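Asker: I have a structure I would like to understand better, so I am pasting it below and will then ask my questions one at a time.
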Number of protein chains: 2
Amino acid sequence: MADSNALDGLTQALRKLPGVGAKSAARMAFHLLQHDKPGALQIARALEHAVQSIRHCALCNTLTEQEVCVTCANPQRDRSKLCVVETPADQAALERTLAYRGLYFVLMGKLSPLDGVGPNDIGLQKLFDRAVPKDEHGQPLPAASREVQEVILATNFTAEGEATAHVIAQALKSRGMQVTRLARGVPVGSELEYVDLGTIAHALTDRR
Amino acid sequence: MADSNALDGLTQALRKLPGVGAKSAARMAFHLLQHDKPGALQIARALEHAVQSIRHCALCNTLTEQEVCVTCANPQRDRSKLCVVETPADQAALERTLAYRGLYFVLMGKLSPLDGVGPNDIGLQKLFDRAVPKDEHGQPLPAASREVQEVILATNFTAEGEATAHVIAQALKSRGMQVTRLARGVPVGSELEYVDLGTIAHALTDRR
């Protein structure tokens, strides 16, 4: 084996990347050192720059370099709608549809009790404060004077995503907020024969 | 999408890693910035340290921080045998067998004409100079006064690895060097019924 503390250290460090094990990390390290040293330095600089400059948007919690991200700062957006997603990637998928002009709240995670991720770990309180702000006496603003009139839950349709949506819906409904969920149903272009039963059952229940 | 040049830059940089595309890079960037900023800085520092300190062993061409790597500097090794491998990972696999006590030469690649990788790109000349050194008149040393008496080809048994072995064998045999190849045959623990035909044919030819 190549004898090098620097190489071992690099391989160990690369294992911090999600989905990268010992063999992949070694392959990455060899590749960078053998074929792409400029690329290695580019990654190093990008990591340091990002760690230093990126923080959470004060309004929607996504990753940004500004105090408030571009989407939240855009005066063209409909500020009465707030769409709750798990990750910036989910937000990007919604944006690509061009079908939504409201604002977002990015949880940066999902409730996952088995992994020890509770409501405090994914910024649910920040969402509640954003959707239902408090007045100067610490009381929730009445519905008429709130900026956000509807919260659209767009967490993933997985067990954790559904649980997260359920918890948020309960909490916000108790504060008098209108809460909706992305429709479940048959995907565009699919044939019923090949759609799973749970999806068809939901599509039947939610028919319109 | 999260609006951030630093984030975009990081995602672009992470795509330099082998086997990492746009989605994986974005997932890695989000994970590091959201859950593991110390890990991100650790990777950055390890990359910079490795790029600065790692070079090629003067004897065996592997990655090392010294002028000559630990294996080549070890006086316990049999200096008359030189095992040619493609990568440090292959060398590590051979070392784990504890069945070889000679030295190595690490090509850091393989001949691959389709990818434009020719003999000059993988340091074949360095191997030839290592196995058959020249005297002060630029003539190859006679066989009796060479340190290396046998070159064992342990490139992979793929099309490129076989081609690489063939080219090296031709060149070294023409210089009067004894050249051997790792045996092809039935893997330990396997049943003939499930072994591919090419392997069985080779095992028959090379029976002993």
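Asker: Among the residues of segment A:66-81, write down those that are facing chain B (nearest Cβ under 7 Å) and not in a helix (DSSP H, G or I).
Answerer: Within segment A:66-81, just A:C69 meets the criteria.
Asker: Is it fair to say B:D115 is open to solvent by 90 Å² or more (accessible area, probe 1.4 Å), out of contact with any strand residue (DSSP E or B) (no Cβ under 6 Å at 6 or more places or on another chain) and charged (D, E, K, R)?
Answerer: yes
Asker: Okay, moving on. Output the residues belonging to segment B:15-32 that are within 21 Å of A:L32 (Cβ to Cβ) and either touching a Leu at 6+ places or on another chain (Cβ under 8 Å) or polar (S, T, N, Q) (or both).
Answerer: Selection gives B:K16, B:L17, B:V20, B:S24, B:A25, B:M28, B:A29, B:H31, B:L32.
Asker: Is there a residue being part of a helix (DSSP H, G or I), β-branched (V, I, T) and within 15 Å of B:I54 (Cβ to Cβ) anywhere in segment A:29-44?
Answerer: No, segment A:29-44 contains no residue that is part of a helix (DSSP H, G or I), β-branched (V, I, T) and within 15 Å of B:I54 (Cβ to Cβ).
Asker: Go through the residues of segment B:10-21 one by one and say whether even a single one is surrounded by fewer than 17 Cβ atoms within 10 Å (Cβ to Cβ), over 30 Å from B:E65 (Cα atoms), more than 7 Å from chain A (Cβ to nearest Cβ) and modelled with pLDDT under 90.
Answerer: Scanning segment B:10-21, I find no residue that is surrounded by fewer than 17 Cβ atoms within 10 Å (Cβ to Cβ), over 30 Å from B:E65 (Cα atoms), more than 7 Å from chain A (Cβ to nearest Cβ) and modelled with pLDDT under 90, so the answer is no.
Asker: Just one of (1) open to solvent by 70 Å² or more (accessible area, probe 1.4 Å); (2) without any contact (Cβ under 8 Å) to a residue 40 or more places away in the chain; (3) assigned to a loop (DSSP other than H, G, I, E, B); (4) not aliphatic (A, V, I, L, M) trips up A:E147, so point out which.
Answerer: Of everything listed in (1) open to solvent by 70 Å² or more (accessible area, probe 1.4 Å); (2) without any contact (Cβ under 8 Å) to a residue 40 or more places away in the chain; (3) assigned to a loop (DSSP other than H, G, I, E, B); (4) not aliphatic (A, V, I, L, M), A:E147 misses just condition (2).
Asker: Taking segment B:25-44, which residues are open to solvent by 10 Å² or more (accessible area, probe 1.4 Å), more than 7 Å from chain A (Cβ to nearest Cβ) and more than 21 Å from A:F105 (Cα to Cα)?
Answerer: Correct list: B:P38 only.
Asker: Another one. Out of B:G189, B:G138, B:G161, I need the residue that is more than 22 Å from the chain's Cα centre (by Cα), in the same structural domain as B:K110 (by the TED database) and either surrounded by 14 or more Cβ atoms within 10 Å (Cβ to Cβ) or assigned to a loop (DSSP other than H, G, I, E, B) (or both). Which one?
Answerer: Just a single option satisfies the conditions, and that option is B:G138.
Asker: Can I ask one more? Any residue in segment A:113-142 that is β-branched (V, I, T) sitting within a Cβ distance under 6 Å of a residue that is outside any helix (DSSP H, G or I) and open to solvent by 40 Å² or more (accessible area, probe 1.4 Å)? List the pairs, counting only those 6 or more apart or interchain.
Answerer: A:V132/A:P140; A:V132/A:R175
Asker: Could you tell me whether A:A93 is under 13 Å from the mean Cα position of the chain (by Cα) and open to solvent by 20 Å² or more (accessible area, probe 1.4 Å)?
Answerer: yes
Asker: So how many residues does segment B:45-65 have that are assigned to a loop (DSSP other than H, G, I, E, B) and either within 7 Å of chain A (Cβ to nearest Cβ) or acidic (D, E) (or both)?
Answerer: Selection size over segment B:45-65: 3.
Asker: Checking B:H166 against (1) at pLDDT 90 or above; (2) out of contact with any helix residue (DSSP H, G or I) (no Cβ under 8 Å at 6 or more places or on another chain); (3) open to solvent by less than 80 Å² (accessible area, probe 1.4 Å), which test does it fail?
Answerer: (3)
Asker: Return a yes/no flag: does segment B:63-80 have any residue that is open to solvent by less than 10 Å² (accessible area, probe 1.4 Å), under 19 Å from B:G123 (Cα atoms) and acidic (D, E).
Answerer: So far as segment B:63-80 goes, no, none of its residues is open to solvent by less than 10 Å² (accessible area, probe 1.4 Å), under 19 Å from B:G123 (Cα atoms) and acidic (D, E).
The values are calculated or read from the model by the stated rules, or taken from the named source; none is laboratory data. If you're wondering where the values come from, they're calculated on a predicted model, not measured in any experiment. Cβ atoms come from the backbone with ideal geometry, glycine included; neighbour counts cover every protein chain shown. All accessible areas refer to the heavy atoms of the entire protein, side chains included, with ligands and DNA or RNA removed. Shrake-Rupley method; radii C 1.70, N 1.55, O 1.52, S 1.80 Å.
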